[in-house]
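The values are calculated or read from the model by the stated rules, or taken from the named source; none is laboratory data. Keep in mind that what you see is a predicted model, and the values were worked out from it rather than measured. Ideal geometry is used to build each Cβ from the backbone, glycine not excepted, and the neighbour counts take in all protein chains shown. Quick note on the areas: whole protein, heavy atoms, side chains included, nothing else; ligands and nucleic acids left out. Shrake-Rupley method; radii C 1.70, N 1.55, O 1.52, S 1.80 Å.
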Amino acid sequence: MASSSSPQRLLHLLSLILLLLFAFGSISESGQALLDSLSTFCMFCDAGIGYGESTCGVSSSSSTKLLIKGGTVVNAHEMEVADVYVEDGIIVAVRPNIKVGDDVTVLDATGKFVMPGGIDPHTHLDFEFMGTETIDDFFSGQAAALAGGTTMHIDFVIPVNGSLLSGLEAYEKKSKKSCMDYGFHMAITKWDEVVSKEMEIMVNEKGINSFKFFMHYKGSLMINDELLLQGFKKCKSLGALAMVHAENGDAAYEGQRRMIELGITGPEGNALSSPPVLEGEATARAIKLAGFINTPLYVVHVMSIDAMEEISKARKSGQKVIGEPVVSGLVLNDSWLWDPDFITAAKYVMSPPIRAAGHGKALQAALSMGTLQLVGTDHCPFNSTQKALGIDDFRKIPNGVNGSIEERMHLVWDTMVESGQISVTDYVRVTSTECARIFNIYPRKGAIRAGSDADIIILNPNSSFEISAKSHHSRSDTNVFEGWRGKGKVEVTISGGRVVWLNDELKVFPGSGKYVEMRPFSYLFNGIDKADAKYLSSLKAPVKRFRATT
């Protein structure tokens, strides 16, 4: 008993030392960061939120060598029965019948799938929004992700007073408690020469290769078409991917006023005020403007048939447009928003809204056909107390759903693979590999091959799972997928060569995650120069004209 509690005693002792140093003004910024991480770690251990005393803060194996034997190794374009050998966080070999010494930890994956860990392209951890802050930070959110088989995510940095550098500095502090690898997108909320120069710094020095533009949230994050065009031009010159939250913010604002005038103040007002046509219009507008600039476009959280069809039309014409559905849009419908219990209804409020039955099935079909390319979560969780901020006015309900970052891998398998809509290799593509390719970190991430990071999951297709707020690892007290039962369970998660999820036990500690820099000019930019040259040659201008003589 004494030995199992020693890590906690040691951490409490270190925390006490740091607190004393802080009290006497002798602590550095790095020491403060360590103190914050230790405090978070101890809080999780002591609270018992999914982390028992014997499983908190230590890796499941002290060995830096790991062998996964006998599983079916799945990549985005092939699968084979093979062993996977890992040393010091890197995959060294993938082949049958690998022989190793006694100093290697061995995991038997016979009858199971060995896959790249999931990469979630769309999260909002520790996000200050609508007068509150998301309930999951960079430790709790990432811990939940690891329990569900996601080994990397890309979070959105929000500028501080429009400043990208200040925003990044704030998120760098927030992410010091990370327990898995992560990257950053950057939002653009205003435009001037300073922002333009800061975008160059983000791409050339900070490892950020994508910028998000909000076409919604009038009065806070929303930008206009002029800014969108300037931002698209800058993204193209830097080789950075332009991303849009596509809803017509002006029309949605008018829709909100209309609902209030009609006396509709409850959660259903959110969906009624921003119908699918507004998502479709904004998606079409963003696509056309990106086509005008000739730069690739990524449409986040595609929630409706209207938006999906605009993406489909653009892709068929040859335009480079990526469509990202999120789990809630794929598997839920808006019926819960009319639940008479406010807490139940409010937990489903997000933007764009979860749509009526039929949209989800259409998005699933689009994903299976390749019209949509990868699955995110838009994990933006608020608890029931925070949601109650809008009990008398749906406009004040913090927008965002909980229960996604941990559930994504299971729900996509159960919904798409078990139903026969996609293959096992396609599952790897839409949950991991395509994200790695789009954000230019493949094959370091998103692959089971020699030289790749050892971010690996073992999925048992015959095992079942059940989702509940009582057992999930998020700090949220609700879950939008409450009671969901399905097949296909992630039984092992390996992050950076460490076994962090095994036998339904999570073994993580703050500060063990790494920031992953993402280079510009991904494959989406291939051929852009040729297209520009073709356009210029088609102009047949300027025309040389003779001036008339008088």
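Looking across the range 352-408 at every residue that is among the hydroxyl-bearing types (Ser, Thr, Tyr) and either open to solvent by less than 10 Å² (accessible area, probe 1.4 Å) or in a helix (DSSP H, G or I) (or both), the one that is farthest from SER140 (Cα to Cα) is identified as SER368. Restricting to the range 314-332, and then to whatever is in a loop (DSSP other than H, G, I, E, B) and at negative phi, can you tell me which residue is most open to solvent (accessible area, probe 1.4 Å)? Ranking the qualifying residues of the range 314-332, first place goes to SER317.
From ALA307, ALA242, which residue is touching a helix residue (DSSP H, G or I) at 6+ places or on another chain (Cβ under 9 Å) and in contact (Cβ under 8 Å) with a residue 60 or more places away in the chain?
Every option except ALA307 fails the conditions.
Take GLU169 and tell me if it is free of Cβ contacts under 8 Å to residues at least 40 places away in the same chain, open to solvent by 10 Å² or more (accessible area, probe 1.4 Å) and within 22 Å of the chain's Cα centre (by Cα). Against the criterion (free of Cβ contacts under 8 Å to residues at least 40 places away in the same chain, open to solvent by 10 Å² or more (accessible area, probe 1.4 Å) and within 22 Å of the chain's Cα centre (by Cα)), GLU169 qualifies.
In the range 75-88, the residues that are at positive phi reach residues that are open to solvent by less than 100 Å² (accessible area, probe 1.4 Å) and modelled with pLDDT of 95 or more with C-beta atoms within less than 9 angstrom, at least six apart or across chains, in these pairs: ASP88/LYS65; ASP88/ALA454; ASP88/GLY497. Looking at the range 99-123, which of its residues are open to solvent by less than 10 Å² (accessible area, probe 1.4 Å) and over 20 Å from SER512 (Cβ atoms)? Within the range 99-123, ALA109, VAL114, MET115, PRO121, HIS122 meet the criteria. If the condition is being crowded, with 18+ Cβ neighbours inside 10 Å and in a loop (DSSP other than H, G, I, E, B), then the range 64-78 contributes ASN75, ALA76. So for the range 205-227 (the condition being part of a helix (DSSP H, G or I) and either open to solvent by less than 10 Å² (accessible area, probe 1.4 Å) or more than 30 Å from GLN319 (Cα to Cα) (or both)), does at least one residue qualify? No, the range 205-227 contains no residue that is part of a helix (DSSP H, G or I) and either open to solvent by less than 10 Å² (accessible area, probe 1.4 Å) or more than 30 Å from GLN319 (Cα to Cα) (or both). For the range 495-509, does any single residue satisfy the condition of being open to solvent by less than 40 Å² (accessible area, probe 1.4 Å) and either among the hydroxyl-bearing types (Ser, Thr, Tyr) or at pLDDT below 95 (or both)? Yes, the range 495-509 contains a residue that is open to solvent by less than 40 Å² (accessible area, probe 1.4 Å) and either among the hydroxyl-bearing types (Ser, Thr, Tyr) or at pLDDT below 95 (or both).
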